[in-house]
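For reference, the structure is listed below as structure tokens.
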Amino acid sequence: MAKYIAKRIMAALFTIFVAATITFFLMKLVPGSPFTSEKTNEIAQAALNEKYGLDKPIYVQYGKYIGQLLNGDLGVSLKIQKNVPVTKIIEDSFPISAQIGGLSILFAIAFGIPLGCIAALKRGKWQDGVIRVFSTAGIAIPGFVIATTSMLIFSINLGWFPTYGLDEPSSYILPVFTLGFYPMCYIARLLRSSMLEAMGQDYIRTAKAKGMSVFVITFKHAMRNSLIPVITYIGPLVAYTLTGAFVVEKVFNIPGLGRYFIKSIENRDYNMIMGTTVFLATLIILMNLLCDILYKIVDPRIKLTK
Amino acid sequence: MSEAKNKTLLSVDSLEVSFFTYAGEVKAVRGISYELEEGEVMGIVGESGSGKSVSSYGLMGIIPEPGKIVSGSIQFDGKEITKLAEKEMQKIRGKDVSMIFQDPMTSLNPVYTVGNQIDESLRKHTDLNKQQRKDRIIELFTLVGINQPEKRMNQYPHEFSGGMRQRVMIAMALACNPKLLIADEPTTALDVTIQAQIVELMKELKDKINMSIIFITHDLGVVSEICDKVAVMYAGNIIERGSIDDIFYNPKHPYTKGLLKSVPKLNADDHERLVPIEGSPVDLINPPKGCAFAPRCENCMKICLTEKPPVCHVGENHESVCWLNVKEEFEKESGK
Amino acid sequence: MIINNKKLFSTQIEVTADDFAPASNIEREKLTSIGEQTSYWRDAWRRLKMNKIAMVSLVVIILVLLFAIVGPFLSPYTYDQQIRGDENLTPSLKHLFGTDNLGRDLLVRTMIGARISIFIGIGASLLVLVIGSIYGAVSGLIGGKVDSFMMRIVEIIYSLPDMLIIILLRIVLDDPLTKAFDSGNMLGGLQVLGPGIIAMFIVYALLYWVGMARIVRGQVLQLKEMEYVNAARALGSNNKRLIMKHLLPNCIGQLVVTTMLQIPSVIFTEAYLSFLGIGVSKPLASLGSLASDAINGISSYPYRLVFPAATISIIILAFNLFGDGLRDALDPRLK
């Protein structure tokens, strides 16, 4: 087990390194320096390039970049908040995104699991039908459509919730709902199918033959096995909420990292794009790692194999 | 057989089980009847799809969806099981009737320890406290031949070999001293040497504990080793039943004869050839009007195609469901 | 004659001598009406036809394709035609989906948008299919160290956060592609597509093939195994039949299903990128960019969002459901 975890950690670190390297070289592919689009003269540009080390050969820049990364330095924003360190922007804005993201994940799990359970238990009945139609539609509608329509209906037409910002507790509801909607539907579908699969297993028949109640069979024997696919989904789920946050924060005008990221894309603030990408990529890879390890703990079968 | 008549534990009468699929109603069990006394071991023999497993799931009330008992009655220990509510059934399952399944690899839940899985049955059906339950599990493990019971009970199924898992399954089935044990092809999925060990264990247990056993198998060899009587099933019907001697030395139904011919014998005098039964089983959605075995039967007669054969009492406690028996009688009477 | 032997039978039985005449083989065979032997594909098609949801989805897909491909030819307007005096109209008989602030007909724009979205979806999925199949097949066939190295690469790409890299690639590719287009260096056919779509294809070609590669490699390994087993059994004559009958359908089935389910996922991603402002290049419009354009005037002109958003959802839903149905039909074991 320890050996497996060590191996996984090494692999994750390597992936982070690859992600950082790809990010760096992709950014260098962009022709010209980040300052060419600005209306500055050549001398000023050269000065700026020198100041940020952009005049050096690429391998020197790469070495410096990796060195800075290891020190947790992501450089400074070049445009959206001029000269403010990217880490500072992340520090300020990420907690907001994390809050929304965390709540959405909780929302998705808290509603997705019961929905999936009900659908599986009531297989073929009307409850199953309603949940299936609902959840299948849910994964087909793009996030920004859900974001804007729910804002249109609940904030603008009905006036129940604020349209933007996060000033009141009620203003969390729509962003969390929007961001958690897709994963909720996904979890419901995933759990339904894995639960039905588990219910058809021989050990369920054994449990029935022992006289176990429907409750014990469902929640002790079937549930634990069918939750395993849901756990493997947590990694992609985190990735989804982090990137999905771009849309939600843009629509609801929430000052999270996502909105800054969009802004930096719109303004081609390369340092900011690079920094945010590396930060989010690291986070996603680490979450995947965590979820991998968790998966091994939940499923005792795997301990021996590997 | 000459002992004083024991109390009847189980009596199945005209049991019919169907699966309601999209393709139509699959009549898996089409009216079977038999009785089982206390302490008696009955074998149910038949090929796959003959309804032998499904009929026993009916006894447990665990017929998988979309199957249902269509008609008939099951009297167990004086109670009509088919009319019991699910809650009542749960009290009987695992306590009075328990079951061992074919594949020990998949029949245990992989994410719980084997001890936990036996304990849950004891917790449900007995008043034993934690320590007593633990002692009982150790006792059961010793009984079924699992060494180091205290260590083994805290292990997961994947840490056991196939044969050992089947022993765990047997221990689990015996946990609450059931009156009836249904063994559904308990040796099929195991290696030959392990099969022999499990059969040996079942024989031992049969002598140690006075319980009735229904032994479902397609292996006639195993049947002859542990059963008192046998029912042969074909296409959802019992086509012949009788004592071990009746079936092995005086088979009346062509299918039973065919089955016996297709089993290799170690003590064969001459170079007997194994004879396979030609053809494949019938479609249970539209079962034939007459005898279900007719298409594969070498003695098939005209009446077999159109009329269901009657139950013929060809001996004491020996029944054969075949027109050939009628033919014999017909020839006797008309020749008179 | 009536047989009434109480000892033997519980009921009276009436029989004649003729009843006990042996039945002819023909009579016996009539009983076993063996269902006609069906091929894998015909069987799959039969199962698919029985799946109502999948069939409805198939009809919807065909309708959407007609809407997207034939539709624009039937419209009196073109997608970039600005009709003076018809700005900001709500849906009416003249403009069924209304018009935008430049007086462009939204029906024809939605049709074109659907065309672009489906084009990207199918095009990128085919690209993924080709690249993934080649990579997977090569890796599986060579085997050994090359295989494990190639699979290590797949593993790394697999564990990269794809959406982030897609955004990054899309941004990076924007400038060079636009320049190349402006200078007219590109092939004539590609000129029409605009840098946005090309960038999208490159992104998919670089990232999304890994799943496909894994599947193909698995199948190739299985195939190699089969050949080996067969050689050992010296049943050379059956080899071809075995591969034709079991492996190929299995492999093709899986590829078809994966590609089919890839299409909606590509369209979904395209919509997401469009919303972030890095989708297809103007003046072309995809469903995603139409929907995201509509968001600015959402409170006054909600219909502008409704039509493209509904179309996109219907397309994704139909492809997803049809893909699911196809998987069930092609692989009965999964049911």
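Below are the figures for this structure:
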read-out	value
B:Lys87 vs. criteria farther than 24 Å from B:Gln197 by Cα and touching a Ser or Thr at 6+ places or on another chain (Cβ under 9 Å)	yes
Any hit, segment B:89-99, residues being without any contact (Cβ under 8 Å) to a residue 40 or more places away in the chain, within 14 Å of another protein chain (Cβ to nearest Cβ), out of contact with any helix residue (DSSP H, G or I) (no Cβ under 8 Å at 6 or more places or on another chain) and of a type in the set (A, V, I, L, M)	no
Elements of type helices (runs of 4 or more DSSP H) contained in segment A:1-113, each with 3 or more residues being modelled with pLDDT of 80 or more and within 14 Å of chain C (Cβ to nearest Cβ)	A:2-29
Subset of segment C:174-201 (residues that are at pLDDT 75 or above and within 14 Å of chain A (Cβ to nearest Cβ))	C:Ala199
Condition met for B:Cys291 (facing chain C (nearest Cβ under 7 Å) and either at pLDDT 80 or above or part of a helix (DSSP H, G or I) (or both))	no
Segment A:114-152: number of residues that are more than 14 Å from every other protein chain (Cβ to nearest Cβ), crowded, with 17+ Cβ neighbours inside 10 Å and over 17 Å from A:Ser226 (Cα atoms)	1
Set B:Pro178, B:Pro186: member being touching a strand residue (DSSP E or B) at 6+ places or on another chain (Cβ under 9 Å), in a loop (DSSP other than H, G, I, E, B), surrounded by 22 or more Cβ atoms within 10 Å (Cβ to Cβ) and within 12 Å of chain A (Cβ to nearest Cβ)	B:Pro178
Residue that is surrounded by the fewest Cβ atoms within 10 Å (Cβ to Cβ) [pool: residues in segment B:4-28 that are aromatic (Phe, Trp, Tyr) and at pLDDT 80 or above]	B:Phe20
Any hit, segment B:144-155, residues being outside any helix (DSSP H, G or I), out of contact with any Cys (no Cβ under 8 Å at 6 or more places or on another chain), within 12 Å of chain A (Cβ to nearest Cβ) and without any contact (Cβ under 8 Å) to a residue 60 or more places away in the chain	yes
Subset of segment B:313-330 that is over 13 Å from C:Val15 (Cβ atoms) and hydrophobic (A, V, I, L, M, F, W, C) - its residue that is nearest to the other protein chains (Cβ to nearest Cβ)	B:Val314
Residue within segment A:181-201 that is facing another protein chain (nearest Cβ under 8 Å), crowded, with 24+ Cβ neighbours inside 10 Å, farther than 23 Å from A:Gly101 by Cα and of a type in the set (S, T, N, Q) present	no
Verdict on C:Ser274 being more than 7 Å from every other protein chain (Cβ to nearest Cβ), free of Cβ contacts under 8 Å to residues at least 60 places away in the same chain and crowded, with 20+ Cβ neighbours inside 10 Å	yes
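Listed here are the residues, each with its yes/no results for (1) in contact with a strand residue (DSSP E or B) (Cβ under 8 Å, 6 or more places away or on another chain); (2) in a loop (DSSP other than H, G, I, E, B); (3) at pLDDT below 70; (4) of a type in the set (Lys, Arg).
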{"position": "C:Ile61", "(1), (2), (3), (4)": "no, no, no, no"}
{"position": "C:Thr78", "(1), (2), (3), (4)": "no, yes, no, no"}
{"position": "C:Leu89", "(1), (2), (3), (4)": "yes, yes, yes, no"}
{"position": "C:Lys94", "(1), (2), (3), (4)": "no, yes, yes, yes"}
{"position": "C:Ile112", "(1), (2), (3), (4)": "no, no, no, no"}
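Quick grid of which residues meet (1) at pLDDT 75 or above; (2) at positive phi; (3) in a strand (DSSP E or B); (4) more than 10 Å from chain B (Cβ to nearest Cβ):
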{"position": "C:Lys7", "(1), (2), (3), (4)": "no, no, no, no"}
{"position": "C:Ile34", "(1), (2), (3), (4)": "no, no, no, no"}
{"position": "C:Thr38", "(1), (2), (3), (4)": "no, no, no, yes"}
{"position": "C:Trp41", "(1), (2), (3), (4)": "no, no, no, yes"}
{"position": "C:Ile53", "(1), (2), (3), (4)": "yes, no, no, yes"}
{"position": "C:Leu58", "(1), (2), (3), (4)": "yes, no, no, yes"}
{"position": "C:Val64", "(1), (2), (3), (4)": "yes, no, no, yes"}
{"position": "C:Gln82", "(1), (2), (3), (4)": "no, no, no, yes"}
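The values are calculated or read from the model by the stated rules, or taken from the named source; none is laboratory data. Quick caveat, the model's predicted, so the values are computed rather than measured. Because the Cβ atoms are built from the backbone with ideal geometry, glycine has one as well, and the counts that use them run over all protein chains shown.
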